[in-house]
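Down below is the structure, laid out as structure tokens.
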Amino acid sequence: MEQIINNVYEMTAFSNIIEANGTYLIMYLLAFVLLYLGIKKHFEPLLLIPIAFGVLIANFPGGEMGVYQADEAGRIVDAAGNVLAENIWEMSLPQIAHDLGLMNFLYYMLIKTGFLPPIIFMGVGALTDFGPMLRNLRLSIFGAAAQLGIFSVVLIAIGSGAFNIKEAAALGIIGGADGPTAIYTTIKLAPHLLAPIAIAAYSYMALVPVIIPLVVKLLCSEKELKINMKEQDKLFPSSNKIKNEKLIKIIFPIAVTTIVALLVPSAVSLIGMLMFGNLLKEIGADTSRLFDTISNSIMNTATVFLGLCVGATMTVQAFLNWTTIGIIIGGFFAFGLSIASGICMVKIVNLFSKKKINPLIGATGLSAVPMASRVCNEISTKYDSKNHVLNYCMSSNVSGVIGSAVAAGVLISFLQGMAL
Amino acid sequence: MITNDITGALQLLVVGMITVFLVLLIVIYLGKLLIWAVNKWAPEEAVANKGSKAANAVAAIDATTKAIIDATVSQITGGKGRANKITKL
């Protein structure tokens with residue numbers, strides 16, 4: 001009888017969970033907190049909920065739902081030191097599914113190949129309107145200034161001695177405030193850090209309503225925040241009146257893809273897919289079926305698998321270490337510095353220009369579309385109820401998506417082939 | 001090793017920021033060029049807007065008013081006539 005009870009006990013996950021001194025419990029707690037934030041607090045629920053559920057199912061010993069990270073040679077070793085695969089790159093997908101479980105099959109097929117982030121970018125493109133950017137082209141430059149946070153944190157992370165240059169680059173890209181870009185860059189440069197970087201990126205994006213007001217309060221005066229963009233437009237009218245917006249919106253994605261492809265080819269997988277999605281939207285009735293598919297079915301499917309797979313990489317072994325804490329802290333700095341550098345750029349421009357710009361437009365130079373713009377609009381209307389800056393913020397916000405994808409392209413093209 | 005990495009990171013900072021600024025400046029001027037070219041050679045929407053002003057004026061007459069006018073015309077003409085165009089004076 002005792003033998004039967006022992007066998008049943010060994011069959012369940014309890015034996016391993018108890019032996020692991022509570023480390024699994026920390027992961028369950030993390031999963032529950034993320035589920036709570038997604039379900040109850042509505043923080044990025046479309047991504048946080050699949051990620052959180054992925055974390056939960058990946059951390060039941062014996063469940064075989066956790067993702068194993070292969071080293072550069074493709075060797076996979078489990079926590080106990082057992083070799084699970086000598087070279088995963090030589091294994092077929094059915095073999096990976098058979099030997100390592102369903103989640104590893106999905107991870108190595110959809111994530112490790114870099115397939116899903118560009119697919120999500122295609123859906124993002126279909127949901128993006130470049131109209132505000134085209135109507136306020138000169139404000140788009142703040143989307144470039146805000147990328148300073150990415151490169152500054154690469155420098156700081158290396159200076160700390162805790163990260164090598166590839167890991168630091170993957171950490172810095174959190175400052176772009178763009179989930180798919182962060183995931184894509186990390187897959188290319190430091191795949192073993194995918195879980196904490198994805199979690200940090202999406203958590204900080206969800207915390208945009210807290211972080212932007214904090215940085216704005218530190219750097220902007222009330223007088224600056226009261227700068228009314230519409231009044232400035234009346235005082236100094238723009239010379240670029242658009243007469244045929246539909247045609248420009250169709251040509252724009254084609255032209256931008258071509259230019260970016262020529263200058264930073266490694267960013268084409270992101271920018272190209274973003275612009276392709278946007279083109280299908282702008283063409284209108286002729287491609288409405290494709291637009292509908294990429295902005296709904298494909299994007300939703302990709303989001304489900306991306307979230308689950310990223311969550312499943314967060315196993316006890318991969319997540320509970322000092323590197324994760326470093327990423328959480330570094331990610332916050334990257335985010336804050338990106339917002340601050342956008343604001344500072346506006347202040348510099350205001351020194352030399354008669355037409356003043358509200359610094360909130362610089363604060364939206366990071367991606368996080370459209371939440372960053374909405375938050376900045378709320379801040380401006382708090383100081384002056386008639387001062388709506390949403391359309392102006394969207395200009396730098398959308399250009400920030402292009403900026404962060406270009407920054408990712410630079411990091412990948414410089415570092416991917418680098419030997420450490 | 002760290003010194004080499006810091007040098008590499010500094011290079012990345014300079015090259016990366018220059019590239020991002022350059023690409024977005026090109027995008028901005030490309031946008032301006034497109035707007036100028038389209039305004040010059042294909043300002044169709046402006047024409048459509050002029051045409052649509054009349055349509056907007058008709059649309060400005062709400063459905064209830066239109067129904068009343070239709071009913072009145074129908075009653076006066078004994079069901080033989082109908083209102084083709086309604087214009088605000």
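Counting only helical runs of four or more DSSP H residues, what would the 222 nm mean residue ellipticity of chain A come to if each run contributes -39,500 (n - 2.57) and the total is spread over all its residues? List each step's numbers first, then the result.
Working: 25 runs with 280 residues, N = 420.
That comes out to -20500 deg cm²/dmol.
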Contour minus Cα-Cα span, A:Gln3 to A:Asp71, at 0.36 nm per residue, comes to 20.5 nm
For A:Glu282, A:Glu378, the accessible-area ranking with a 1.4 Å probe, largest leading, is A:Glu378, A:Glu282
Taking r as the C-beta separation of A:Asp99 and A:Ile254 and R0 as 56 Å, the FRET efficiency to the nearest 0.05 is 0.80
Computed for A with B: buried accessible area summed over both chains, 1.4 Å probe, rounded to 100 Å², at 3400 Å²
For chain A, the percent of accessible surface on carbon and sulfur atoms (probe 1.4 angstrom, ligands and nucleic acids excluded) is 65 percent
Quick calc, segment A:116-415, dipole around Cα centre from Cβ unit charges on Lys, Arg (+) and Asp, Glu (-), nearest 20 debye, gives 860 debye
Place a point 7 Å from the Cα of A:Lys354 in the direction of its beta carbon; the residues of segment A:232-252 whose amide N falls under 20 Å from it are A:232-241
For segment A:2-88, the dipole about the Cα centre with charges only on Cβ (Lys and Arg +1, Asp and Glu -1), to the nearest 20 debye, works out at 500 debye
Taking r as the C-beta separation of A:Lys246 and A:Thr12 and R0 as 51 Å, the FRET efficiency to the nearest 0.05 is 0.25
Looking only at lysines whose Cα falls under 26 Å of A:Lys112's and that sit 8 or more positions away or on another chain, we get A:Lys166, A:Lys188
Here segment A:211-286 gives, from Cα atoms, an Rg and Dmax in Å of 18.5, 49
The set of residues whose placed amide H lies less than 5 Å from the amide H of A:Thr364, leaving out same-chain residues fewer than 5 positions away, is none
To the nearest 0.05, the calculated FRET efficiency linking A:Ser385 and A:Ser413 through their beta-carbon distance, R0 being 56 Å, is 0.75
Beyond 35 Å, the calculated P(r) of the protein assembly as shown holds a percent of Cα-Cα pairs equal to 42 percent
The simple spin-label model distance between B:Asn4 and A:Ser239, using points 7 Å out along Cα→Cβ, in nm, is 5.1 nm
Rounded to whole angstrom, the alpha-carbon centroid of segment A:227-251 lies from that of segment B:5-27 at a distance of 29 Å
The ³J(HN,Hα) series, computed from each phi in segment A:343-355 with the Karplus coefficients 6.51, -1.76 and 1.60 at θ = phi - 60°, rounded to the nearest Hz and given as x for glycine or proline, is 5, 4, 4, 4, 4, 5, 4, 4, 5, 10, 10, 6, 7
Answer check: segment A:2-88, Cα atoms, Kirkwood Rh, Rg/Rh ratio of 1.08
Rounded to the nearest 10, the angle in degrees between the Cα long axis of helix A:194-206 and the longest principal axis of the Cα atoms of chain A comes to 40 degrees
Counting only protein heavy atoms and leaving out ligands, DNA and RNA, the solvent-accessible surface of A:Glu64 at a 1.4 Å probe, in Å² to the nearest 10, equals 110 Å²
Buried by partner chains in segment A:240-275 (accessible area down by at least 40 Å² vs chain alone, 1.4 Å probe, heavy atoms, protein only) are A:Asn240, A:Lys243, A:Asn244, A:Ile248, A:Ile259, A:Leu263
With +1 at each Lys and Arg Cβ and -1 at each Asp and Glu Cβ, the charge dipole magnitude of the protein assembly as shown around its Cα centre, to the nearest 20 debye, comes out at 3360 debye
Of segment A:124-147, those with amide N under 18 Å from the point 7 Å along the Cα→Cβ vector of B:Ala42 are A:130-131, A:134-135
Among A:Gln3, A:Asn82, A:Gly161, the residue whose Cα sits farthest towards the positive end of the charge dipole of the protein assembly as shown, when +1 is placed on the Cβ of each Lys and Arg and -1 on the Cβ of each Asp and Glu, is A:Gly161
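Just reorder B:Ile69, B:Ile2, A:Ile211 by solvent-accessible area, largest first, 1.4 Å probe, all chains present. Mind dumping the intermediate values first?
Values: B:Ile69 60, B:Ile2 85, A:Ile211 10 Å².
From most exposed to least exposed: B:Ile2, B:Ile69, A:Ile211.
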The rounded separation in angstrom of the Cα centers of segment A:80-115 and segment A:31-74 is 18 Å
XL table A:Lys246/A:Lys354; A:Lys223/A:Lys347; A:Lys230/A:Lys382; A:Lys356/A:Lys386; A:Lys230/A:Lys386; Cα-Cα > 20 Å flagged, in table order, is A:Lys246/A:Lys354
Given backbone amide H placed at 1.01 Å from N, residues whose amide H is under 5 Å from that of A:Val77, ignoring those fewer than 5 places away on the same chain, are A:Leu84
In Å³ per residue, the alpha-carbon convex hull of segment A:116-415 encloses 128 Å³
Expressed per residue, the solvent accessible area of segment A:116-415 in Å² (1.4 Å probe) is about 35 Å²
Straight-line reach check, A:Lys241, cutoff 20 Å on alpha carbons, 8 or more apart in-chain or any other chain, hits among aspartates and glutamates -> A:Asp129, A:Glu231, A:Asp233, A:Glu282, B:Glu44, B:Glu45
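The values are calculated or read from the model by the stated rules, or taken from the named source; none is laboratory data. Keep in mind it's a predicted model, so treat the numbers as computed, not measured. Cβ: placed from backbone, ideal geometry, glycine included. Neighbour counts: every protein chain shown. Calculation scope for accessible area: heavy atoms of the full protein, side chains included, ligands and nucleic acids excluded. Shrake-Rupley method; radii C 1.70, N 1.55, O 1.52, S 1.80 Å.
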